[in-house]
Amino acid sequence: MKKYFLLHKPFLLFLGKFLFTYLLLTFVYQSYLSQFDVKKFEVDGFTQLVAKQSKDVMIFFNYDASTSPNINEPGMNLFYNQKLMARIIEGCNGLSVIILFISFIIAFSGKMKLTILFIIGGSVLIHILNVFRIALLCVLMYYFPKQEHVLHGVFFPLFIYGVVFMLWIIWVNKFSKYATKTAKS
């Protein structure tokens, strides 16, 4: 058994760090969400922020956009040309993707300062791309309503997870402890 652990130590350390970080951050996030009464359709502040910023992006590009609380579920409605185009719920705010991103970076950690800076920079990038994703999705669905499934269910998830995957590759190859070990070999 000891031989097995020694042989697979790097993988097991990665897995342990990843799971611990992911579970810890998910617990913190769920604790945050538990402050809001779902039965009263209360929307968490971060989801409200994402909805507002998505609306602001649309307005910046001279699109007629507005938001309002959803009266049927905890979420925000996003309108384009006075037409409801999106319900922004907790799952749309990008925090679960950011938690996944952070967990991987910590599992493949490098130097402390660089790890923290990469986590902050990557999280901000994911957030910004998510806000633009929602704004663009609303505009595209307005003009191409029959493509909603492809846009919402395929293209945009592929894009956001593709960016996260590329950030992981950059991290592992350029900045993680693994990258420095292979560079010295």
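The values are calculated or read from the model by the stated rules, or taken from the named source; none is laboratory data. A quick note: this is a predicted structure, and the numbers were derived from the prediction, not measured. Cβ sites come from the backbone with ideal geometry, for glycine too, and all protein chains shown count toward neighbours. The protein model used for the area step is the full one, side chains on, heavy atoms only, and it has no ligands, DNA or RNA in it. Shrake-Rupley method; radii C 1.70, N 1.55, O 1.52, S 1.80 Å.
In whole percent, what relative contact order does the chain give with Cα contacts below 8 Å and a gap of six or more residues? Please list the in-between numbers first.
Details: 195 pairs, mean separation 37.8, N = 185.
Worked out over the chain, it gives 20 percent.
So which DSSP H runs in the chain come out at 24 Å plus along the axis (Cα) with average Kyte-Doolittle of at least 0.0?
Values: long enough: 9-33 (35 Å, 1.17); 112-143 (46 Å, 1.87).
Both cut-offs are met by 9-33, 112-143.
Got the relative contact order for the range 36-107 handy, in percent, Cα pairs under 8 Å and 6 or more residues apart?
Values: 94 pairs, mean separation 19.6, N = 72.
Across the range 36-107, relative contact order equals 27 percent.
What are the trypsin sites (Lys or Arg not before Pro) within the range 1-30 that DSSP puts in a loop, where the Cβ has at most 16 other Cβ atoms within 10 Å? Working shown, then result.
Values: sites: 2, 3, 17; in loops: none.
Passing both the DSSP loop test and the Cβ count: no residue.
Limiting things to C-alpha atoms, what are the Rg and the maximum Cα-Cα separation (Dmax) for the chain, in angstroms?
Every Cα atom of the chain included, Rg and Dmax give 19.6, 65 Å.
Please report, as a whole percent, how much of the solvent-accessible surface of the range 66-185 comes from carbon and sulfur atoms (probe radius 1.4 Å).
Numbers: 4800 of 6820 Å².
It is 70 percent, rounded to a whole number.
Among 135, 26, 59, which residue has its Cα positioned farthest towards the positive end of the charge dipole of the chain, with +1 placed on the Cβ of Lys and Arg, -1 on the Cβ of Asp and Glu, and the dipole taken about the Cα centre?
Value: 26.
Pull up all non-local amide H partners of residue 86: gap of 5 or more, or a different chain, and H-to-H distance under 5 Å with H placed in the peptide plane.
78
Hey, if you put +1 on the Cβ of every Lys and Arg and -1 on every Asp and Glu Cβ in the range 93-182, which of 119, 175, 103 ends up farthest toward the positive end of that dipole?
175
For residue 9, list the lysines whose Cα falls under 17 Å from its own Cα; do not include residues on the same chain fewer than 8 positions away.
In chain and number order, the partners are 17, 177, 181.
Given 0.36 nm per residue, what is the gain on full extension from residue 46 to residue 89 after removing their alpha carbon distance, in nm?
Working: separation 43, 0.36 × 43 = 15.48 nm, distance 1.02 nm.
That pair, residue 46 and residue 89, stretches by 14.5 nm at full extension.
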